[in-house]
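First comes the structure, then the notes that go with it.
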Amino acid sequence: VQLVESGGGLVQTGGSLSLSCAASVRTFSNYAMGWFRQAPGKEREFVAAISGSGVSTRYADSVKGRSTISRDNAKNTVYLQMNSLKPEDTAVYYCGAALLGTATIATSIDYWGQGTQVTVSS
C-alpha cells in the first residue's frame, strides 16, 4: 500500500487548505483513514479520521469545527479540508491507513504517507 499526500503549502492565518491523500490499494474501502500531524519537536498527533464507508468521522478537539475529512472510495482518495487556519496548525501532515481500528491512534496505522508540509504564517 502506498499513500501519497498533496495540497500542503504556505497560507496566512485565517486561510484554508485542502489536503489529499491518494492510496494505491485494491480495496480502499477496507481501510479506515486518518490524518495526523507532527510539529518540530513534538510527537505525531491525531487530527481526523474517517471509517471505510465514510459514514463515521472523528476529529481532534483542536480542529473540530474548522476541518472536514472526507473520502472518495471510487478514487481511492481521502481529503482534509482545513479552514480558519492558525499558526499552531503548522506541521507536517500525514495520512495513514488502518485495516483494523478507527485510525485515531498512531499505533493502529498500518501504512503512512510521506507527509506534506503545512505552514500558517501569522
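The values are calculated or read from the model by the stated rules, or taken from the named source; none is laboratory data. Keep in mind that what you see is a predicted model, and the values were worked out from it rather than measured. Don't worry about glycine lacking a Cβ; one is built from the backbone with ideal geometry, like all the others, and counts go over all protein chains shown. Quick note on the areas: whole protein, heavy atoms, side chains included, nothing else; ligands and nucleic acids left out. Shrake-Rupley method; radii C 1.70, N 1.55, O 1.52, S 1.80 Å.
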TODO: Specify the residue that is farthest from G54 (Cα to Cα); the eligible residues are those in the range 70-122 that are touching a Pro at 6+ places or on another chain (Cβ under 8 Å) and of a type in the set (S, T, N, Q).
DONE: S122
Open item on the list: Within the range 1-112, considering only strands (runs of 3 or more DSSP E) that don't extend past its boundaries, which have at least 2 residues that are free of Cβ contacts under 8 Å to residues at least 24 places away in the same chain?
Closed with: 57-59, 67-72
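Okay, residues lined up against (1) touching a helix residue (DSSP H, G or I) at 6+ places or on another chain (Cβ under 9 Å); (2) at positive phi; (3) among the aromatic types (F, W, Y); (4) surrounded by 16 or more Cβ atoms within 10 Å (Cβ to Cβ):
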| site | (1), (2), (3), (4) |
| --- | --- |
| G14 | no, yes, no, no |
| S18 | no, no, no, no |
| A22 | no, no, no, yes |
| A32 | yes, no, no, yes |
| F36 | yes, no, yes, yes |
| F46 | yes, no, yes, yes |
Open item on the list: Take the residues in the range 5-41 that are of a type in the set (S, T, N, Q) and within 21 Å of D110 (Cα to Cα); name whichever of them is nearest to the chain's Cα centre (by Cα).
Closed with: S20
TODO: Select from the range 31-76 the residues that are touching a strand residue (DSSP E or B) at 6+ places or on another chain (Cβ under 6 Å), of a type in the set (D, E, K, R) and more than 19 Å from V120 (Cα to Cα) and list them in ascending order.
DONE: R58, R71
Open item on the list: Going by what's in this entry, would R66 be described as open to solvent by less than 40 Å² (accessible area, probe 1.4 Å), basic (K, R) and farther than 17 Å from T102 by Cα?
Closed with: yes
Task: Number of positions in the range 70-112 that are open to solvent by 50 Å² or more (accessible area, probe 1.4 Å), among the acidic types (D, E) and either closer than 26 Å to L10 by Cα or at pLDDT below 95 (or both) - done: 1
